[in-house]
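Asker: Structure in structure tokens, see below.
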Amino acid sequence: MPGPDTTPRDERYREFFEDDITGDFVAAPDGTLLECNPAYLTILGFDSIASAQKVKLPALYPSPEAYRAFLARLQSERKLIYHEQELIRVDGTRVHVVENVIGRFDESGELAHFKAYMFDDTRRKRLEDQLHQSQKMESIGTMASGIAHDFNNILNTVLGFAAQLQKHPYDPDKVLRYSQTIEKSALRGAELSARLLSFARVSRREDVPVDVSRIIDEVVALCAESFPRGVALERRVDGPLDSVKGDHAALYQVLLNLSVNARDAVVARHGTAGGSIVIQARNTTAGDDVSPELIGGPDLRCVEIRVTDNGIGIGPDIRERIFDPFFTTKDRGQGTGLGLSVVYTIVRNHRGTILVESTPGGGSTFRVLLPAMAPGVVPRTPRIARLPAPGRGELVLIVDDEESMIDLATELLHEQGYRVIGARSGPEAVRALESRAGEVRLAVLDLVMPGMDGEQTYRELKAREPSLKAVLCTGYLPGEMRSTFVSRENLRVVHKPFTPEALLSAVRETLDSPPVA
């Protein structure tokens, strides 16, 4: 039998620290690394403790604001348990870590230093993101037929009233009424398209004040347009709701997934000509029916969202499994079983909880409780564009493979006092610039064109006229292009479909910006 361990306690603790497979470290509030173990070096890509100590923690965070937010939360909560954070390794790659952090405070209550234990959770996070995206696309697929129906209605209205305009061009009352109807239909189509793009797009999660009422309005509008007309859909929001901190698109996905599930349950029981779905929301306080550990503590202010249906309900034999990945009661080919598991993950990532109440044949209610922000916190709202100043005869080059887009932009810019030339391709734009050397002040470029796309065209034009300014005009801008080409060149982007004010403002603001080096 081995004898008792006679290693001094401090040495045993040092061995434990050095051998621990989690990345252990101690740091000062300004980010100075005081001590770390080999696992910390491995997770973040350092080759030695000396090299790690040369890099302060803020440099490992995606932004200075992210590090400040981490410190503020630690100062408030004193310790962070299972805190998820994205960091940047020394080689520039991103790593998703989960950490436990314990703060040490001085006599005045200010953070003196903190110690943390973290592990690399990147693989799980990537798999989770893939599941999220897969489920997003599945949800879109289930609603595609309803949305196509609505787009066809919109196009039918536009085409019909455009024909009426041509028949009554000299009747000002009819021209005004027909054009207003066309405008409303186009805006409705643009809203549908924007919702689908924001829902399908892979994007980095935000952490900002979110207006739950707005999410409910958007989901109800989309469901009303795509669900069977015989399914009654009701919205009930009790007074102004507190803001919650999180990601608008992710919470939109939660509510849409729950609504789609409710629709399926209702149709399974009543068919397409009956049943009802009620989406409710209210400010509340976590009560006795919610464990304090699930929601962050007793008496916590919450925003509660309920999705209630009178569908087939959920039996007790499967209720415990509904949030498991790949568990589904649908027939093969009708669902992957990812919907509720994705909902559960998103809600937990927002430090909330989700509960279900259901009886077979008696419908279901899904309750989502999210921690509320302090009263008075205002969600982000879109900036209201101001009317632009008129042009001063500047020559603008419009580059778009759609002739109607060139015609529209030419009309708008001419009315505002600009001169305009058009090109339907990248090579044609290059020739137009060379023929008017030194005259063209700005190019408005479609991003997606056959052959030479907007980015390639921009580079060819800039090679010939370095002082040329540009505005991108596109129906869809991939996230990776926004973070590289667009941000690097500091370009303004006008999203199609656009209002005349949006295009004119972008042109005027770009022309008035400092000269391009």
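Values in this text are rule-based calculations from the coordinates and carry no lab data. As the structure is a prediction and not an experimental result, all values here were calculated from the model. In this analysis, Cβ positions are derived from the backbone assuming ideal geometry, glycine residues included, and neighbour counts consider all displayed protein chains.
Asker: Which ³J(HN,Hα) values in Hz, rounded to whole numbers, follow from the phi angles of segment 169-177 under the Karplus curve 6.51 cos²θ - 1.76 cosθ + 1.60, where θ = phi - 60° and Gly and Pro get x?
Answerer: Karplus-based 3J(HN,Hα) across segment 169-177 equals x, 10, 9, x, 5, 5, 4, 5, 5 Hz.
Asker: Same structure, new question: Could you give the length gained on full extension between Thr181 and Glu428, defined as 0.36 nm per residue of separation minus the Cα-Cα distance, in nm?
Answerer: Taking 0.36 nm per residue and subtracting the Cα distance, the gain is 85.3 nm.
Asker: Still on this model: For the pair Val237 and Ile102, how long in nm is the line joining their label points, each one 7 Å along Cα→Cβ?
Answerer: Going by the 7 Å Cα→Cβ label model, 4.4 nm.
Asker: Rounded to the nearest 0.05, what FRET efficiency do Ala59 and Asp407 have when you use their Cβ-Cβ distance and R0 = 35 Å?
Answerer: 0.10
Asker: Hey, which of these cross-link pairs are over 25 Å Cα-Cα: Lys184/Lys245; Lys79/Lys245; Lys125/Lys496; Lys56/Lys245; Lys245/Lys496; Lys469/Lys496?
Answerer: Pairs exceeding the cut-off: Lys184/Lys245; Lys125/Lys496; Lys56/Lys245; Lys245/Lys496.
Asker: How charged is the neighbourhood of Gly103? Take every other residue with its Cβ under 11 Å from the Cβ of Gly103, and add Lys/Arg as +1 and Asp/Glu as -1.
Answerer: +2
Asker: Report, by chain and number, residues whose modeled amide H sits under 5 Å from the one on Phe25, excluding near sequence neighbours (fewer than 5 apart, same chain).
Answerer: Ala116
Asker: I've got another one for you. Hey, what do the phi angles of segment 47-55 turn into as Karplus ³J(HN,Hα) couplings, whole Hz, using 6.51/-1.76/1.60 and θ = phi - 60°, x for Gly and Pro?
Answerer: My calculation for segment 47-55 gives 9, 6, 5, 4, 5, 5, 6, 7, 10 Hz in order.
Asker: For Gly246, list long-range residues whose amide hydrogen, built 1.01 Å from N in the peptide plane, is under 5 Å from its own amide hydrogen.
Answerer: Val208, Val210
Asker: Can you tell which of Val26, Ile49, Leu80 lies farthest toward the positive end of the dipole of segment 9-120, using +1 and -1 charges on the Cβ of basic and acidic side chains (Lys, Arg; Asp, Glu)?
Answerer: Leu80
Asker: Find how much the distance from Leu34 to Asn349 grows on full extension, using 0.36 nm per residue of separation minus their present alpha carbon separation; answer in nm with one decimal.
Answerer: 110.4 nm
Asker: Could you compute the FRET efficiency for Ser48 and Val493, with r as their C-beta to C-beta distance and R0 at 41 Å, rounded to 0.05?
Answerer: Numbers: r = 44 Å, r/R0 = 1.06.
So, using R0 = 41 Å, E works out to roughly 0.40.
Asker: Relative contact order, percent, of segment 391-517 when contacts are C-alpha pairs under 8 Å separated by at least 6 residues?
Answerer: In percent, rounded to a whole number, it is 22.
Asker: How high is the relative contact order of segment 57-120, given as a whole-number percent (alpha carbon pairs under 8 Å, six or more residues apart)?
Answerer: Details: 97 pairs, mean separation 16.9, N = 64.
The normalised contact order for segment 57-120 reaches 26 percent.
Asker: Go ahead and run the numbers for FRET between Thr272 and Glu460, Cβ-Cβ distance against an R0 of 60 Å, rounding to 0.05.
Answerer: Approximately 0.65, to the nearest 0.05.
Asker: Further, regarding this structure: Of the peptides 389-400, 60-71, 102-113, 271-282, how do they stack up when ordered by the mean number of other Cβ atoms within 10 Å, highest first?
Answerer: Working: 389-400: 18.9, 60-71: 15.2, 102-113: 11.9, 271-282: 17.3.
So the peptides 389-400, 60-71, 102-113, 271-282, ranked by packing, come out 389-400, 271-282, 60-71, 102-113.
Asker: Let me ask something additional. Let me know the shape class of segment 395-512, please: from the alpha-carbon gyration tensor, a ≥ b ≥ c as square roots of the eigenvalues, rounded when a/c is under 1.5, otherwise prolate if a/b is greater than b/c, or oblate.
Answerer: rounded
Asker: By average Cβ neighbour count within 10 Å, what is the ranking of 118-124, 39-45 from highest down? Can you show the working numbers first?
Answerer: Numbers: 118-124: 15.4, 39-45: 18.6.
Top to bottom by mean Cβ count within 10 Å: 39-45, 118-124.
Asker: Let me ask another. At 7 Å along the Cα-to-beta-carbon direction for both Thr365 and Asp207, put a label point, then send me their distance in nm to one decimal.
Answerer: Inter-label distance under the simple model: 3.3 nm.
Asker: Decide, for segment 9-120, between rounded, prolate and oblate: order the square roots of the alpha carbon gyration tensor eigenvalues as a ≥ b ≥ c, take rounded if a/c falls under 1.5, and otherwise choose prolate if a/b is larger than b/c, else oblate.
Answerer: oblate
Asker: Under 8 Å for C-alpha pairs, at least 6 residues apart: give me the relative contact order for segment 9-120, rounded to a whole percent.
Answerer: Contact order relative to length: 26 percent.
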